[in-house]
Amino acid sequence: AFDHDGAIDPDYAARIDRVITACDELGMVVILQLFYFGQDTVFQTEDSVRAAVCNAIDFVCDRGYTNVLVEIANEVMEGHYHHDILKPARARELVVLAREHAREAHGRDLLVSTSEAALLSRRQWTEEQIDDVFGASDFVLLHGGDGSADEGDTDATEVAKKIRYIRSRPWYRDRPRPIIFNESDGRTAFDAALGAGVSFG
């Protein structure tokens, strides 16, 4: 979607506009993901990454969409991205940037988060990083849970473990917010999310 300097490719923008508009007509909400792992090498500097975020927010706000949730990056973890600002220790910066740019440049409140991968692995995410990133997010966007437990044993799934962990954190107890699984697989994982009142995708 982006050139090396963070500018949005106009053909890509036109296609995404058609998708978001069609979804709105159907009463659907779009999770608009800005970055995908392995592709951030197109950006030479972190300033270009920041510019891409601001340009994406301008795109959403200028068109007046009201059916868009912003996902900064897909499957944030230590090994997926090249730029440090897209890794767990600093992902919060882009969540805050996106939300503040919408407010300051457009007078809009947008809901912003980023998605994780390997959240429960302390080699990928520390507890401080989890609290920092998702405590600053408007919703919690999770991955995982594809058959990590015996059929029917929903409490032992990765999905259930992640939900329990997130709900145990002080920032969540102080201000509960939606939990969304936007990538998972399997009936047991589905049952675990449904049983906990959490969105499953």
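The values are calculated or read from the model by the stated rules, or taken from the named source; none is laboratory data. What you see is a predicted model, and the numbers here were worked out from it, not measured in a lab. All Cβ positions, glycine included, derive from the backbone under ideal geometry; neighbour counts span all protein chains shown. In case anyone asks, the SASA skips ligands and DNA or RNA and just uses the protein heavy atoms, side chains included. Shrake-Rupley method; radii C 1.70, N 1.55, O 1.52, S 1.80 Å.
Table for the structure above
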{"item": "So ALA192, is it over 12 Å from the mean Cα position of the chain (by Cα), in a helix (DSSP H, G or I) and under 27 Å from ALA52 (Cα atoms)", "result": "no"}
{"item": "Selection from the range 21-39 of residues that are modelled with pLDDT under 95 and either open to solvent by less than 60 Å² (accessible area, probe 1.4 Å) or in contact with a Pro (Cβ under 7 Å, 6 or more places away or on another chain) (or both)", "result": "PHE37, GLY38"}
{"item": "Flag for ALA160 being modelled with pLDDT of 90 or more, closer than 22 Å to VAL29 by Cβ, open to solvent by less than 30 Å² (accessible area, probe 1.4 Å) and part of a helix (DSSP H, G or I)", "result": "no"}
{"item": "Sole exception among (1) open to solvent by 40 Å² or more (accessible area, probe 1.4 Å); (2) over 21 Å from LEU141 (Cα atoms); (3) part of a loop (DSSP other than H, G, I, E, B); (4) in contact (Cβ under 8 Å) with a residue 12 or more places away in the chain for ASP17, by number", "result": "(3)"}
{"item": "Matching residues, the range 173-189, being under 19 Å from the mean Cα position of the chain (by Cα) and in contact (Cβ under 8 Å) with a residue 12 or more places away in the chain", "result": "ARG177, PRO178, ILE179, ILE180, PHE181, ASN182, GLU183, SER184, ASP185"}
{"item": "Search result, residues across the range 40-58 that are open to solvent by 20 Å² or more (accessible area, probe 1.4 Å) and touching a helix residue (DSSP H, G or I) at 6+ places or on another chain (Cβ under 8 Å)", "result": "GLU46, ARG50, CYS54, ASP58"}
{"item": "Selected residue (only one of LEU120, LEU97 is closer than 24 Å to VAL30 by Cβ and either buried (at least 22 other Cβ atoms within 10 Å of the Cβ) or of a type outside the set (Val, Ile, Thr) (or both))", "result": "LEU97"}
{"item": "Checklist (1) within 23 Å of PHE200 (Cβ to Cβ); (2) of a type in the set (A, V, I, L, M); (3) open to solvent by 30 Å² or more (accessible area, probe 1.4 Å) applied to ALA105, failing item", "result": "(1)"}
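One line per residue, one yes/no per condition, for (1) in a loop (DSSP other than H, G, I, E, B); (2) β-branched (Val, Ile, Thr); (3) over 15 Å from THR114 (Cα atoms); (4) in contact with a Lys or Arg (Cβ under 9 Å, 6 or more places away or on another chain):
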site	(1), (2), (3), (4)
ALA22	no, no, yes, no
MET28	yes, no, yes, no
LEU32	no, no, no, no
PHE37	yes, no, no, no
VAL49	no, yes, no, no
VAL53	no, yes, no, no
ALA56	no, no, no, no
CYS61	no, no, yes, yes
